[in-house]
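The values are calculated or read from the model by the stated rules, or taken from the named source; none is laboratory data. Just so it is clear, the model here is predicted, and its values are computed rather than measured. Neighbour counts run over all protein chains shown; Cβ positions are idealised from the backbone, glycine included. Protein only, heavy atoms only, side chains kept; ligands, DNA and RNA dropped before computing areas. Shrake-Rupley method; radii C 1.70, N 1.55, O 1.52, S 1.80 Å.
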Amino acid sequence: MSRRVILDTSTLVSAALRAGSVPEQALMKALRTCEVCASAETLDELARVLERDKFDRYLDRDSRRAFVALLRRHVRLFDVQGDVTVDPPCRDPRDHPFLALALVCEADALISSDEDLLVLHPWRGIPIVTPGEFLQ
């Protein structure tokens, strides 16, 4: 069985907007070598964030939507019920869906650019690493 990894929204937004960036390299490596895991909630959050007007100057909206569609086709979707207990909790409750997903899919790593998640490393035995650390 291949390693299961999760990439959080901040990492995926950077990957979408900055070709050749470390987050994009981490995404490409994850897609090549791991099973990339997501939930409906984490993918919906990514789609909502990438719809923000402030990203228009980096990449057109159609390309951002195509990125989300491509990702939807290449991830393994896990059903995360709302009753998954995230303990210890994250200081930013908006990150809880990634922690719940990590439990449900039995993730081998969570790749994040979000300090609120990174300070939890390791969380319940699951490494939380930056895109750069994942590449090493």
With 0.36 nm assigned to each residue of separation and the Cα-Cα distance removed, residue 25 to residue 91 gains 21.0 nm
Between residue 115 and residue 44, what is the label-point separation in nm under the 7 Å Cα-to-beta-carbon projection? 3.0 nm
Accessible carbon and sulfur surface of region 11-81 relative to its total accessible area, %, 1.4 Å: 50 percent
Using the heavy atoms of the protein chains alone and a 1.4 angstrom probe, what is the accessible area of the chain per residue in square angstrom? 53 Å²
Using the Kirkwood formula on alpha carbons, the hydrodynamic radius of the chain in angstrom works out to 14.9 Å
State the extension gain, in nm to one decimal, for the chain segment bounded by residue 74 and residue 104, taking 0.36 nm per residue of separation less the distance between their alpha-carbons. 9.0 nm
How much accessible surface does residue 128 have with a 1.4 Å probe, in Å² rounded to 10? 10 Å²
Cysteines, the chain, no other Cys beta-carbon under 4.7 Å: 34, 90
When all protein chains stay in place, what accessible area (Å², nearest 10, 1.4 Å probe) is found for residue 85? 90 Å²
On C-alpha positions alone, give me the angle between the axis of helix 96-105 and the longest principal axis of the chain, in degrees, nearest 10. 70 degrees
With each pseudo-label sitting 7 Å past Cα toward Cβ, what's the residue 35-residue 81 distance in nm, one decimal? 2.0 nm
Could you work out how far apart the two model spin labels at residue 124 and residue 61 are, taking each label as a point 7 Å from the Cα in the direction of the beta carbon, and quote it in nm? 3.8 nm
I'd like to know which of 6, 23, 113 lies farthest towards the positive end of the charge dipole of the chain, counting +1 on Cβ of Lys and Arg and -1 on Cβ of Asp and Glu. 23
